[in-house]
Amino acid sequence: MKSKMPSTKGLLERLDNGEKVVVAEGYLFNFEKRCYLQAGHFVPTVVLDHPELVTQLHKEFVRAGSDVVQAFTYYAHREKLQLIDKTADLETINRNALRIARDVARETGTLFAGNICNTNIYNLSEADNKDKVKQIFKEQIEWAVDEGVDFIIAETFVKFEEAAIALESIKEYGKGVPAVVTMAATGLATVEGHPTTVDKVEVAEAMKRLEAAGADVVGLNCFNGPETALGVMSHIKKSGVKAPLACLPVPYRTTTKEPTFLQLTDPITGEKVFSANLDCVMCSRDDIFKFGRRCDEIGIDYLGLCCGNSPHYTRTLCESIGRRPPASEYSPDMDLHGFFGTDERVTKNVTKDVQDALK
């Protein structure tokens, strides 16, 4: 892949200048589909076992147009590693993931992001729970800063208080790096028709509180597909949040009835599809193109895709906002297709019986 000239513009400078920032996420599901990561615990052991593949996917996402290389440290925290008896590898997996991402970012002139996420242990009914959660964030943040991240993404929180602790931790241990904080809206509890966090904070109110606490970018990631995410994002935008907004849905066809990919059912069998059978409800490329256009209309400047993303989706998203990344060289062009092409070099050889059979 051709190297870009190193960029001198940081995340906030780009956003302040009115530029859009495209962020390719989705590493967990991508590697699970490729049989290098196990669904269930979803710990990114591929970082240790096959680092060359992580490097390759970072490069593919950049080639598809991502402005950011996000270190693959999602679910590489202490609590998750305990589940698979790999806490001894905690620092190694984090630093390796950070260094892999940093090398690709510096080579390509893209931004380098650290990542912290939901701990799955947050529970204020336990006296020392906040300290445990904050320690998980602290060590990952300190490693990220030590490896030179340009900003830190804190994501996929279903409880406002855990998101607030993550932001507090970035402010305390991040040595001034910008903080992007995104939450996952379940859609199950609502206030006047608008979703709330699991701890009962209306989603737009949660964004306002995070903004007031110093988050540089706020918004939603994961859980919702484009259709349901955009409705919530439009509400957040109209609520008066001033910080740049982020929207990184999953590329699945969620609906008002089934607002997250956790609830989606197979259109044929009616069975729940999370996570191994989500293929039957994936978005089309046109869905992703329309998502990008709607982000532009709403005024969402930090955009991307989460679990289920792949380079072809990121390329489509970039093309929807008028970009032509290197991967666009191979964007579909059906003019030369053997059956459906319109170029006369093709049509002169396709007989009418074949055309009729394929209509």
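The values are calculated or read from the model by the stated rules, or taken from the named source; none is laboratory data. Small disclaimer: the values here were computed from a predicted structure and weren't measured. So basically every Cβ, Gly included, is an ideal-geometry build from the backbone, and we count neighbours across all protein chains shown.
Pairing each residue of the stretch 206-220 that is among the acidic types (D, E) with any residue that is surrounded by fewer than 23 Cβ atoms within 10 Å (Cβ to Cβ), provided the two are 6+ apart or on different chains, yields C-beta distances under 7 Å for E211/V241; E211/K242; E211/A243; D216/L12; D216/P178; D216/A243. Against the conditions (1) closer than 23 Å to F42 by Cα; (2) without any contact (Cβ under 8 Å) to a residue 24 or more places away in the chain; (3) not in a helix (DSSP H, G or I), T269 satisfies every one except (1). Checked against the criterion of being free of Cβ contacts under 8 Å to residues at least 60 places away in the same chain and closer than 26 Å to L230 by Cα, the candidates E168, E172, E161, E126 yield just one match: E161.
Note on the stretch 160-200: residues that are assigned to a strand (DSSP E or B), surrounded by 21 or more Cβ atoms within 10 Å (Cβ to Cβ) and in contact with a helix residue (DSSP H, G or I) (Cβ under 6 Å, 6 or more places away or on another chain) total 4.
Considering E329, E271, the condition of being among the acidic types (D, E), exposed (fewer than 14 other Cβ atoms within 10 Å of the Cβ) and either touching a Leu at 6+ places or on another chain (Cβ under 8 Å) or farther than 17 Å from R253 by Cβ (or both) is satisfied by E329 alone.
Based on what the data block shows, is R63 closer than 23 Å to T314 by Cβ and buried (at least 17 other Cβ atoms within 10 Å of the Cβ)? Criteria met by R63. The condition (being assigned to a helix (DSSP H, G or I), assigned by TED's automatic domain parsing to the domain that holds A163 and either of a type in the set (G, A, S) or within 20 Å of the chain's Cα centre (by Cα) (or both)) is satisfied by just one residue among L57, L81: L57.
Here's the yes/no breakdown for (1) closer than 23 Å to C283 by Cα; (2) at pLDDT 95 or above:
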| site | (1), (2) |
| --- | --- |
| A166 | no, yes |
| T182 | yes, yes |
| K200 | no, no |
| A213 | no, yes |
| V217 | no, yes |
| L220 | yes, yes |
| G225 | yes, yes |
| F261 | yes, yes |
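Name every residue in the stretch 275-288 that is crowded, with 16+ Cβ neighbours inside 10 Å and out of contact with any strand residue (DSSP E or B) (no Cβ under 9 Å at 6 or more places or on another chain), in order of residue number. S275, R285, D287, listed by residue number. Within the stretch 332-359, if we keep just the residues that are outside any helix (DSSP H, G or I) and in contact with an Asp or Glu (Cβ under 8 Å, 6 or more places away or on another chain), the residue that is surrounded by the most Cβ atoms within 10 Å (Cβ to Cβ) turns out to be G341.
Cβ-Cβ distances below 6 Å connect the following pairs, each with a first residue in the stretch 274-290 that is under 15 Å from Y313 (Cα atoms) and in contact (Cβ under 8 Å) with a residue 60 or more places away in the chain, a second residue that is crowded, with 17+ Cβ neighbours inside 10 Å and among the aromatic types (F, W, Y), and a separation of six or more residues or different chains: I288/Y313.
Within the stretch 10-59, the only residue that satisfies the criterion of being over 22 Å from G148 (Cα atoms), buried (at least 20 other Cβ atoms within 10 Å of the Cβ) and in contact with a His (Cβ under 9 Å, 6 or more places away or on another chain) is F31.
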